[in-house]
Amino acid sequence: MQKNKSLKSWTSFSVFFDILVALLCCAAAALCVHYFRLDFYQTLSRQNEQPVGTITYKYKAVQRRFVDRLLWDRLQRESHVYDGDFIRTEDLSEATVSFFGGGIVDLAGNSLIQIFAQQSVPRLDVSSGGVSVNARNSDFVVSSGGTTVKVESGGVVSTRAGSGGKMDLWVSEGRASVSTREGVREAGAGSAISLGESGNVESLPMTAVLSPLPNARLVSRGESGVSVGFVFNPINYAGEHTRLEISASRNFEEKILAGDLADNRTTVNLKPGIWWWRAYPARRGQGEVPASAASGKLTVIHAPPPALLTPADGQVFVFRTGAPAIHYRWSGDSAGGAAQSYLLEASDNPAMENPVFQARLKASSALNSQLGPGRWYWRVSHDFPAEYEGSAAPSSVFSFVIEQRGEFPAPSLIAPAAESTLSIARKRGDAWFSWKSAAGMESYTLRVSANRDLSDPLISETLRNSYFVYGAQDTLLKAGRYYWGVFGTSGGVDSLLSPVWAFNAVPGIVPLFPPDNYTLQDTMAANLRFSWEGSIPARRLQISREAGFSSLAVDDPVAGNSHRIPGLGAGTWYWRVSGEGEASPPRSFTVSPAAPPPPPTPALREAPAPPPPPPPPAPPPPRFEPEDNFIFRAEWLREKQDIRFSWPSAGGGYTFTLLGPEGGQVLSVPVSENSFVLRDLKLLGPGQFVWRVSSGGRTLAENRFTLSIPEVRKTELRDLGTVFSVKTASDTHLRQRISWPRDENASHYELVVEKKDESGYTEVHRNVSRNTFDEVPVDRGSYRFKVRIYNLLGQFAHETNWASFNIIVAQ
C-alpha cells in the first residue's frame, strides 16, 4: 500500500509548530515573572537617602509607604525605614522600629504612624492604634490629633489613639510633657491620662503600670522561668482593687491568672514564652474590660549556655616563634534568635575576672592570636540587646595552655614495630602506621623508603592525624626490607625526625597469634586459636617440636585466617602457615604445665597411705570476647554501635581498664558482672588497644584488639545558584532541599546553614542526620551551607567547603 507523503509531512510540521508555541509560552511566562519581580522589589529601598532605622515584625505583615509615593510595600524583616515613611500593621500583627539614634518604637495591631526622624527631636505621628516609645538616648515627640507628648530622654511612654482625636497615655518611666488645647501638663512615672475628642483631660479611673514595661523582654536562666513583679498606681479609684489578667493568647481566652489585688503589687512566675497582660480598676458589677485598660506583652527567653567545642579543655598549643592563632568554636542557637551576638572572653584565672580580651561576635567561632605563653581560661555568653532585662548563664569555663619551645621534639613511633613483618599479600587487611601525637603539631609527615636515611621515599604523606592506613588494595610496597619515620610541623617549622624503624614486607602470611616467644599455661592451650594475616594457595597450619619442621605434630588444611587446635602438651612448639612452596616466618611458643599440687599432710598415726585422689577434670578453656588480637573492621562498625567485652567469671567485683594505642588510660570502671559494654565509641580511634580485667588487685586477663577505621574522603560542595520560588497564601514557609555525596565510611553528617545579613552571616539551621539530604526552611535572601562529616566511630573527621545559593520568592 502506498503511503500518503503529504499527510506525513503535515504531521511533522504540526508537531514542530506545537513545540514552537510551547517554547514561546514558556519564554513569555519567564519574562512576566522577571518584570513582576522588578515591580515587587522596586520600592523597597531609596537610593539617595540614608535610612534612620530598621523594622522587624511578628505575625502577619507590616507595610510601609514612602512619603512621596502611593504604593504600600510589604516589608521584609530588618528592612530600612526612612524619614517621612508611613508604617501600618495588620490586625493581630506587631512591629518594632529601632532607630539608629537609640530610640525604640513598638506598634500594636491595626496601627498607623508616620516617622519624622531628621529633625533635632525625632517625632512620631500616630493616626490610630497603640504605640509604645522607649526614648533611650534622646528626647522623643509623639503626636496624635491636637495632642503632643514630649518624652524626655530615658522615658517610656505608651499611647493608644482612638477615633475623633481621643488618646490614652501611660508613663512607665521618666517624664513627659502633654500639650493639649487646655495647655501643658507634666506627667511623671506612674501617670495615666485619658484625653477626649476636644483634647480635654477626662477624670476616668485608670491603672498606671510601673512594672513591667509595656513590651518587656526578660531573659531566664532556667526553664522554670522568671519572677515578674507587677506594680500598679491607681488613678481616680484609690482604695479599690486592681484587676490583673495574664494570658498565653492575645485575646485572653487562655488566662493563667485573673485576680483582684488590694495592695496594687504582686509577683508572678512566668515560664519562657510570650504572655499578654492587662490591668484595670475592678469595679463591682462591671463585667466588661474598659477601653482605658492598661495592657502590654511580656517575652520570656530561655537561653541555655553555649557548649564549648575548641580549644578542648586542657588542650596544649606549642609554638617556637610568633604566638599561635587559637580557633575558638562553640555551639548555640543565639537563644532562639533573640540574642544579638555572643560574648567571647579569655582570662588568666578560672573566675574570669579582668578578661584579657573580649569580643562580641555574630558567628559561633573566632580566631585570635593575642595570647602569649601560659594557662588561659575562656567562656562564651549570649549577648542580648539593651531592651532585654537580665542575662543568660555563661558557658562552662575551659582552659588551655600555650607553650613556647626552642625545638620541637621528635614524634614517638608505635606501629609497625622495629623489625616487624608487614603482609603485602593479595588478600589482606589494611596495615596501620601510627605514632604518638605531640602537643602543638599541626600536621605530620610520614616517609617510607627502601633506604635507611629515608631518601627517595616510596610513601611520603602529610597528615593531620597521627596514623596512616596502607590500604588492602595498595601495591606500592613490594617484598623486601623498608624503613619508616615521621616528623611533625607547626607554624611552618619542622620537628626533629623520629627514630627510623625497619620492617620486612612479605607477600605471603604474617602470623599474628600466638606471637613469637609467647608463653601460656596448658589449661589455656586446651583449645588454642591460631590467627594470621594474608593469603597463599592451599594453606596448611603446621606445628612441630623442631624449628626446622622435620616432623609435624599438626598438619591441618585451613581455609580462613584462623584455626583451633585442641590439646597441645607442655613444652616449646613452632608453628607456621605454608602452601605451594611458600611458608610464613615460623613462630615459637611455650606451653607451661600447671603448678603441681601440694604434698599431702603426713598422718598422725602410722597407716597405709590413702590412694591419691583422681585428678580434677580439666576446666573448660576461658572464653574472651572479643578474642585476643581481634580486628574490628569497617564492615563490623557499620552494623554495630557498641563493643561488648566479656571474660570468665571469677566471683564478681571487677575493674575493667582500657588502654589506648599510646599506652594512656582511656577509661577504668568498676563492674559487678563479668561483662562490660562500651557504648561511646568516640573515646576510641584507629590502632591497637589493650583491655584488662582485674579483681582484688590481681590481673585476670589482658587482651588486645585493633580498630581498622578507613578515612573519610574529602568532599567538595557545589553552589546551588539562584532558586526562584513562588509562595502561595497557604504556605507558612518555603523549604529548600540540600543534598551532598554519601561516604560509606561516614556514620552521620551535620548540615550547617547560614543566612547573609548586614553584619555577615548568621546561622539559621543546623541538623545532624544519617541521610545525605535535608529540607531547610528558607525565605528570600542569600545563604551558604557546609557539611560536617563524622567517621564510623562518630568522631568529627572533616568539614566541606562553603557552598551558596540565593532564594527569590514571589507571593
Per residue, how much accessible area does the stretch 652-811 have with a 1.4 Å probe, in Å²?
-> 50 Å²
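Please give the contour-minus-distance gain from residue 236 to residue 788: 0.36 nm per residue of separation, less the Cα-Cα distance, rounded to one decimal in nm.
So the extension gain works out to 192.3 nm.
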Checked the chain against the a/c 1.5 cut and the a/b vs b/c comparison, axes a ≥ b ≥ c from its Cα gyration tensor; verdict prolate
Once every DSSP H run of n ≥ 4 in the chain is given -39500 (n - 2.57) and the sum is divided by its residues, what mean residue ellipticity at 222 nm do you get, rounded to the nearest 500 deg cm²/dmol?
-> -2000 deg cm²/dmol
Kindly identify the stretch 78-221 as rounded, prolate or oblate by the Cα gyration tensor criterion: order the square roots of the eigenvalues as a ≥ b ≥ c, call it rounded if a/c is under 1.5, otherwise compare a/b with b/c, prolate if a/b is larger, else oblate.
-> rounded
Calculated FRET efficiency, residue 78 and residue 353, Cβ-Cβ r, R0 35 Å, to nearest 0.05?
-> 0.45
Of 271/786; 682/786; 166/297; 271/755, which ones are farther than 26 Å apart at the Cα?
-> 271/786; 271/755
Output the relative contact order of the stretch 66-214, whole-number percent, from Cα pairs under 8 angstrom with separation of 6+ residues.
-> 14 percent
Relative contact order (percent, whole number), the chain, Cα cutoff 8 Å, 6+ residue spacing = 5 percent
Estimated distance in nm for a label pair at residue 465 and residue 405, the labels positioned 7 Å out from Cα along Cα-to-Cβ = 2.3 nm
Determine the share of the chain's accessible area contributed by carbon and sulfur atoms, expressed in whole percent, with a 1.4 angstrom probe.
-> 51 percent
So what's the Cα pair-distance distribution over the stretch 503-577, bin width 5 Å, in %?
-> 3, 15, 26, 27, 19, 7, 3
Length released on extending from residue 50 to residue 442, taking residue separation times 0.36 nm less the Cα-Cα span = 136.4 nm
Cα long-axis angle, helix 5-41 against the chain (0 to 90 degrees, to the nearest 10) = 60 degrees
How far apart, in nm, are the 7 Å Cα→Cβ label points at residue 123 and residue 679?
-> 6.9 nm
Cβ crowding within 10 Å averaged over residues, with 626-636, 545-555 ranked highest first | 626-636, 545-555
Rough spin-label spacing in nm, given labels placed 7 Å along Cα→Cβ, for residue 14 and residue 723 | 4.2 nm
quick note, the chain, DSSP beta bridge pairs, % antiparallel (nearest 5) is 85 percent
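With contacts defined as alpha carbon pairs under 8 Å and 6 or more residues apart, what's the relative contact order of the stretch 205-315 in percent? Let's see the in-between values first.
Details: 239 pairs, mean separation 38.2, N = 111.
Here the relative contact order equals 34 percent.
In Å², and per residue, what accessible area does the stretch 340-386 have when probed at 1.4 Å with the other protein chains present? Don't skip to the end; give the middle numbers.
Details: 2280 Å² over 47 residues.
Per-residue value: 48 Å².
The values are calculated or read from the model by the stated rules, or taken from the named source; none is laboratory data. Since the structure is predicted, the reported quantities are computational estimates derived from the model, not experimental observations. A quick note on method: Cβ atoms are made from the backbone with ideal geometry, for glycine too, and the neighbour counts reach across all protein chains shown. SASA here: full protein model, heavy atoms, side chains in, ligands and nucleic acids out. Shrake-Rupley method; radii C 1.70, N 1.55, O 1.52, S 1.80 Å.
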